[in-house]
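Enquirer: Quick one: the structure is below, questions incoming.
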Amino acid sequence: MKDRKDKKTPNKLQIKSTKKEAYKPKDIKKDFKQNADKNITSGKANTSSKANNTGKDKESIKCPYFKKCGGCRYIDLSYEDQLKKKEQNVHRFLKDIAESQKIKIEKIVGSEHPYNYRNKVHSVFGRDNRNKIIRGIYSEDSHKVVDVKGCLLEDKKADEIIEEVKRLLPSFKYKVYDEDTGFGWLRHVLVRCGRVNHGAQNTVNRRTVSVIDSQYILVLVTASVPFPGKNNFVKAIREKFPEITTIVQNINDKRTSMVLGERNIVCYGKGYIEDELLGLKFRISPNSFYQVNLYQTPKLYTKALEFAGFDCRKTSNSDHSYTDENIGISDIQEQKNKTKTVIDAYCGTGTIGMCMAPYANKVIGIELNASAVKDAAYNAKNNGIKNIEFVKADATVWMKEYQGKLKEKSDDYILVMDPPRNGSTEEFIASVSNSGIKDIVYISCNPETLARDLRSFIKKKYVLKKIAPFDMFPWTDHVETVCYLTK
């Protein structure tokens with residue numbers, strides 16, 4: 001929703017401090033022109049960082065799928081105006097709270113790469129009125145397939161892979177699934193990508209840069225198990241895209257709106273890829289949750305580390321695969337919270353907790369999803385992280401059960417929580433307060449439920465100290481926010 005480097009000890013974690021600076025787009029005009037070649041039309045895109053910094057850029061891009069898709073609600077705005085609108089949305093829900101706590105909301109952290117940032121691309125397959133095979137996304141609030149090619153948000157290579165799958169279907173006589181009748185074989189295609197630095201280096205313009213290995217997993221979601229011509233299909237698609245390091249058939253034989261089924265059959269490769277995040281490698285399988293924005297995630301996690309009181313000093317010139325600026329290696333010495341135990345609630349596959357593990361005495365990850373816990377345990381072992389454990393449990397139930405034990409040494413704990421869009425629960429918040437835990441880092445993808453939960457914490461005598469919004473999903477109306485509370 002991970003990548004890691006070759007097995008490294010925890011004191012080699014690479015961290016970059018998030019700079020508070022205006023959005024500086026990287027060659028947007030070039031990026032846009034490439035997208036225009038994929039049937040996306042546009043007006044001019046402003047490449048001047050000065051214009052973007054002053055907010056004078058009022059031009060927007062045009063997408064032929066905008067009215068049918070509904071995904072990019074801000075497609076008719078310049079990127080600077082999008083950031084302003086997202087900031088306004090955060091202020092709408094959090095301004096009163098911030099003012100009551102006598103703090104200011106930090107400026108939103110925009111993306112240097114607002115296009116093609118999604119490392120997870122999904123296409124549903126179907127037929128149009130002329131019985132022609134189409135692939136794309138469901139129209140907003142419906143199950144009507146919109147034929148989309150060259151989405152502005154999606155990884156370009158992943159999009160090309162899906163298009164090639166579509167081209168190969170007739171020659172292999174694979175039938176696309178019909179939701180109305182329940183007949184057909186291919187339902188969805190999912191492509192995920194990861195990037196790993198294997199240590200090799202090249203010299204470019206007198207600068208030494210790391211060689212990044214791109215890996216792609218192709219997932220074919222089918223309504224039944226038989227896969228005629230499987231070997232020939234694998235050979236054909238990999239001849240065109242050798243970057244595909246593994247191919248998986250996922251079986252979804254239920255009449256459901258869920259994309260993935262429970263059973264995976266590996267057709268080629270290991271059945272997973274790896275992605276690197278802040279110097280650690282994470283395994284990404286078809287069902288894994290992993291942050292989709294490969295450029296913004298390091299910034300978001302670095303801010304969470306900062307709010308947790310961990311030193312993120314930049315001390316290295318090493319190149320990094322996700323950002324145009326370097327992410328340095330932090331000297332983990334005399335960390336003020338090195339003796340703390342981090343409780344990572346709603347931890348998913350444990351990415352945040354693992355990034356904090358080198359700085360903490362111990363990390364305890366709490367997650368209800370069994371497959372996520374399994375991936376988390378693998379990733380920790382793969383990265384040589386020994387001071388972390390994962391518990392399969394509901395975060396609220398676990399906190400209620402252990403609040404008394406935590407209270408015995410409450411000063412030893414830091415809580416990091418990243419709940420789903422509907423936020424946390426009153427029971428969880430009450431249990432946290434009863435436990436005596438003083439420091440909380442709250443990561444939210446919904447400012448409305450975040451505001452509700454912050455008010456609950458404040459009623460429990462917590463003080464809100466910091467609020468930092470991030471644009472993890474350019475062109476959409478979504479915004480991520482990191483907060484720090486203390487008692």
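The values are calculated or read from the model by the stated rules, or taken from the named source; none is laboratory data. What you see is a predicted model, and the numbers here were worked out from it, not measured in a lab. Don't worry about glycine lacking a Cβ; one is built from the backbone with ideal geometry, like all the others, and counts go over all protein chains shown.
Enquirer: Has the range 184-197 got at least one residue that is at pLDDT 90 or above and assigned to a loop (DSSP other than H, G, I, E, B)?
Expert: The answer is yes, given that some residue of the range 184-197 is at pLDDT 90 or above and assigned to a loop (DSSP other than H, G, I, E, B).
Enquirer: Could you check how many residues of the range 77-105 are part of a loop (DSSP other than H, G, I, E, B) and touching a Pro at 6+ places or on another chain (Cβ under 8 Å)? First the steps, then the outcome.
Expert: Looking only at the range 77-105, we keep the residues that are part of a loop (DSSP other than H, G, I, E, B), and these are 77-78, 101-105.
Next, from what is left, pick out any that are touching a Pro at 6+ places or on another chain (Cβ under 8 Å): 105.
Number of matching residues: 1.
Enquirer: Then there is this: Scan V148, V121, V165 and give me the residue that is within 18 Å of F66 (Cβ to Cβ) and among the β-branched types (V, I, T).
Expert: Going through V148, V121, V165 in turn, just one is within 18 Å of F66 (Cβ to Cβ) and among the β-branched types (V, I, T): V148.
Enquirer: Being surrounded by fewer than 18 Cβ atoms within 10 Å (Cβ to Cβ) and part of a helix (DSSP H, G or I), is that true of even one residue in the range 133-155?
Expert: No, the range 133-155 has no match at all.
Enquirer: Right, another one. Has the range 392-412 got at least one residue that is touching a strand residue (DSSP E or B) at 6+ places or on another chain (Cβ under 7 Å), surrounded by fewer than 16 Cβ atoms within 10 Å (Cβ to Cβ) and more than 30 Å from N264 (Cα to Cα)?
Expert: Checking the range 392-412: at least one residue is touching a strand residue (DSSP E or B) at 6+ places or on another chain (Cβ under 7 Å), surrounded by fewer than 16 Cβ atoms within 10 Å (Cβ to Cβ) and more than 30 Å from N264 (Cα to Cα).
Enquirer: So, in the range 210-249, exactly how many residues are outside any helix (DSSP H, G or I) and closer than 23 Å to R195 by Cα? Explain how you work it out, then say what you get.
Expert: At the first step, the residues of the range 210-249 found to be outside any helix (DSSP H, G or I) are 210-229, 241-249.
Next, only the ones that are closer than 23 Å to R195 by Cα stay: 210-220, 241-249.
Here the count works out to 20.
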